[in-house]
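Each value in this text was obtained by applying a stated rule to the coordinates, not by laboratory testing. Values in this document were obtained by computation on a predicted structure and should not be read as measured data. When we count neighbours, we look across all protein chains shown, and the Cβ atoms used for this are built from the backbone with ideal geometry, even at glycine.
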């Protein structure tokens, strides 16, 4: 399987049901950072040793039970558009996509598991699930982590826990995160509640594609910052039972306030977004995310009846630049991408 094979359908975890939680929480993710005993951290590891480590970890990952049809991508040998596609699908980080030296990624076919080799740390594993399923994510990645540790030794210290390239990951090496859609908090000027909740709980707030990115389309990634002195289960439980429910409540209250106090302004924003998407001949990726966000809110609130969430979720992902180019089978300039994006959206959202 090749990266290009992924460009015709959205990731399995980018789903979302019709319940209130799934409307707000797009997906759950748990990532573990690990380094291998006997190897220097990557900045000090010579290229030949990086290649040796890459091959060793690749063989181990492909030998354990990760489900059906697991594949490996040599990032250093992949094209720019293939690397960008993997980034758009959140399978690798931007750092991994644009780094240098031997590096790769192992991906399960359903994209619910991915392992970056030679990113910032030797190994960064991720498990994804649609909606709020952090406990299920933890159970799966913990099993995988145990299976790997039976075949290779991690760098571990009795005092500091798992040793990582960045001190902020010391200890458990765990990053628990959720992708949130918060359009109503933005529209009602209540984003301060979200930011304050995150700050009070020692959380980091990032944009759609992680560190250093903006909250495009009202999507935010919320993740823990403390990894030392707490257990993995503590972090997962706090997220599941405390942090995320509070944010869901804020967003739900804001949506209700819009329906009660500003229904005409709300409908105007939603219908204007839908009208542009159904008629535009050129749409940039940024504009598409912004307009689709408003339409997604309209579908969730029942203000749009003839479009389902699955269609909107599909458009969020499949209209990203690398997806468009791989589907077209060629490199497209900005105008060509904007034209093709608009055509796909018009076709998908056509009322006929």
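As a proxy for reagent exposure, ranking 191, 116 by other Cβ atoms within 10 Å from fewest up yields 191, 116. Once both labels are positioned 7 Å from their Cα atoms along Cα-to-Cβ, the gap between residue 150 and residue 19 label points is 3.3 nm.
Of interest is the spacing of the C-alpha centroids, which for the range 126-184 and the range 104-122 amounts to 13 Å.
Relative to the longest principal axis of the Cα atoms of the chain, helix 309-318 runs at roughly 60 degrees. Taking 0.36 nm per residue of separation and subtracting the Cα-Cα distance, full extension of the segment from residue 306 to residue 260 would add 14.3 nm. Pairs of alpha carbons in the range 263-349 separated by more than 20 Å make up 30% of all such pairs.
The slack in the chain from residue 62 to residue 196, taken as 0.36 nm per residue of separation less the alpha-carbon distance, amounts to 44.0 nm. Cβ-to-Cβ counts within 10 Å put 92, 117, 148 in ascending order as 148, 117, 92, the fewest first.
The share of alpha-carbon pairs in the range 3-255 lying farther apart than 30 Å comes to 25%. Under the criterion of Cα pairs below 8 Å and six or more residues apart, the relative contact order for the range 238-312 equals 24 percent.
Once the Cα atoms are used to define both axes, helix 263-279 deviates from the longest principal axis of the chain by about 80 degrees.
Would you list 172, 155, 87 from fewest to most Cβ contacts within 10 Å? Intermediate values should be presented prior to the final figure.
Values: 172 23, 155 16, 87 20.
Going from sparsest to densest Cβ surroundings: 155, 87, 172.
Taking all Cα pairs closer than 8 Å and separated by 6 or more residues, the relative contact order of the chain comes to 20 percent. How large is the helix-only mean residue ellipticity at 222 nm for the chain, computed as the sum of -39500 (n - 2.57) over DSSP H runs with n ≥ 4, divided by its residue count, in deg cm²/dmol to the nearest 500? About -13500 deg cm²/dmol.
Here the range 1-49 and the range 312-352 have alpha carbon centers that stand 23 Å from each other. Helix 47-63 and the long axis of the chain differ in direction by around 70°, with both axes built from C-alpha atoms. Fully extending the segment from residue 348 to residue 168, taken as 0.36 nm per residue of separation minus the present Cα-Cα distance, adds 60.5 nm.
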